[in-house]
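Since the structure comes first, as structure tokens, the remarks are kept for the end.
Please treat every number below as a calculation from the coordinates, not as lab data. Note that the coordinates shown come from a computational prediction; the quantities given were computed from them, not determined experimentally. All Cβ positions, even for glycine, are placed from backbone atoms using ideal geometry, and neighbour counts span all protein chains on display.
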Amino acid sequence: MIVKKAPSLVLTGSNGYLGKQVLAALKATNVKIESISFSKFLRGAAEPTALRMLQQADVVCHLAGVHPHQTITQSDNLYWEANVVGTKKLLAAAQNASRIVFASSAMASEEKILPMANQGLLAYASSKRAAEALVADYAGYKASSLSLRFQALAGAHREPCFGLIGNALRAAREGTPLKIFRQAPPREYLHVADAASAIVAACLAPIEGHSVIDIGTGLPQHVSTVVETVERITGVEIKKRSVSCRIEPAPRTSDLLAARKLLNWGASRSSLPQIIIDQLEGQHHRATMCIPTVTGNNFF
């Protein structure tokens, strides 16, 4: 009887919001998991160890990167260095991997350049598209690869005051006004547990070639709907303050056909009320346990 060797997997971004959930989900499989610090890898720190792991990996799951909501000061150059140059260096080291899974963003689908748009978000979107191209090239001659375009992550364990849901929960808790950007585009919200299950499926599914897959709900939510749902769940009427419009790239609505067909995946916890309830419970737990807010350069 031939015993099939468990695949080895290298994970970047395991200390980030999504990475922690992915690491926990992967531990329930038969995959041998090793994690590397992407920021240290980019700086060349502990490079021999990271290189050895990457050279021996069957699967590389690349979640780490710089995104617009981190507490570090972002710039166009930082997006490019981390998300593009860093991804290129990682792929060059993972010369024997048969599968690359890359965490991209729904913003990468935005092709229009709006002259008044938030240039930082456009730079971020462009860096993700460029990294996707590198991942596709890798698959072209030696492996399969998947770029997963995630919608806005929320739900359990989300840091306080993060994004619209976090700020609405804070406004309900503290009685402070919630800033509402006029004409803000609707957004899809994806529970982090659903995002993690999509990553695990992408690491293990028998797929050839390169695929770009939308991971979301297909149900964009207007700002007013999000705020009203927070009010209904908390029982608090939120004070609102309208501010001038911030023009930004709005990700297209997810097309979930590829996710269903290739990954046999669908969101199971990503209804808006469930996301808000889980995020609220997580914040109560954090306050009870006196857990500090995660800051710094934890990616994703």
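Phi-derived couplings, Karplus 6.51 cos²θ - 1.76 cosθ + 1.60 at θ = phi - 60°, listed residue by residue for segment 17-30: 4, 6, x, 4, 6, 5, 4, 5, 5, 5, 5, 7, 9, 9 Hz, with x used for Gly and Pro.
For segment 8-289, the alpha-carbon radius of gyration amounts to 1.01 times the rule-of-thumb value 2.2 N^0.38 Å expected for a compact globular protein. Between His222 and Asp255, what FRET efficiency follows from the Cβ-Cβ distance if R0 is 30 Å, with the result rounded to 0.05? My answer for the efficiency is 0.90.
Full extension of the chain between Val243 and Glu174 gives 22.9 nm of extra length, using 0.36 nm per residue less the Cα-Cα distance. Only beta bridges with both residues in segment 8-289 are counted; by DSSP, about 5 percent of them are antiparallel. A cut-off of 5 Å between modelled amide H atoms, ignoring neighbours fewer than 5 places along the same chain, links His210 with Ser145.
Taking amide H positions as modeled 1.01 Å from N, with prolines and chain starts lacking one, the residues under 5 Å from Lys179 and 5 or more places away or on another chain are Arg241. Couplings 3J(HN,Hα) for segment 174-190, derived from phi with the Karplus relation 6.51 cos²θ - 1.76 cosθ + 1.60 (θ = phi - 60°), are 9, x, 8, x, 9, 6, 10, 6, 5, 6, 5, x, x, 10, 8, 10, 10 Hz, where x marks Gly and Pro. Take the Cα pairs of segment 153-214, get the Kirkwood Rh, then feed it into Stokes-Einstein at 20 °C and 1.002 mPa s and tell me D in µm²/s. For these conditions, the coefficient is 149 µm²/s. As a proxy for reagent exposure, Leu78, Leu169 were ordered by neighbouring Cβ count within 10 angstrom, fewest first; the result is Leu78, Leu169. Over all pairs of different C-alpha atoms, segment 121-243 has a mean inverse distance whose reciprocal, the Kirkwood radius, equals 16.7 Å.
Most exposed first by the Cβ proxy, i.e. fewest other Cβ within 10 Å, how do Glu159, Glu208 rank?
Working: Glu159 20, Glu208 9.
Least to most surrounded, the residues fall as Glu208, Glu159.
Counting every other Cβ atom within 10 Å of each residue's Cβ, Arg99, Arg252 order from fewest to most as Arg252, Arg99.
Calculated on C-alpha atoms, the gyration radius of segment 181-267 divided by its Kirkwood radius gives an Rg/Rh of 1.09. Model label sites at Asn30 and His284, defined 7 Å from Cα along the beta-carbon direction, differ in position by 4.1 nm. List the residues, sorted by chain then number, that are 5 or more residues from Ala267 or on another chain and whose placed amide H is less than 5 Å from its amide H. Those lying under 5 Å, H to H, from Ala267: there are none. Computed 3J(HN,Hα) for segment 217-229, one whole-Hz value per residue from the Karplus formula 6.51 cos²θ - 1.76 cosθ + 1.60 where θ = phi - 60°, is 10, x, 10, x, 10, 6, 4, 4, 5, 4, 5, 4, 5, glycine and proline marked x.
Hey, for a label at Asn77 modelled as a point 7 Å past Cα toward Cβ, could you say which residues of segment 8-44 have their backbone N under 20 Å away? Backbone N within reach: 39-44. Using a simple spin-label model with pseudo-atoms 7 Å out from Cα toward Cβ, Ile277 and Leu262 lie 3.3 nm apart.
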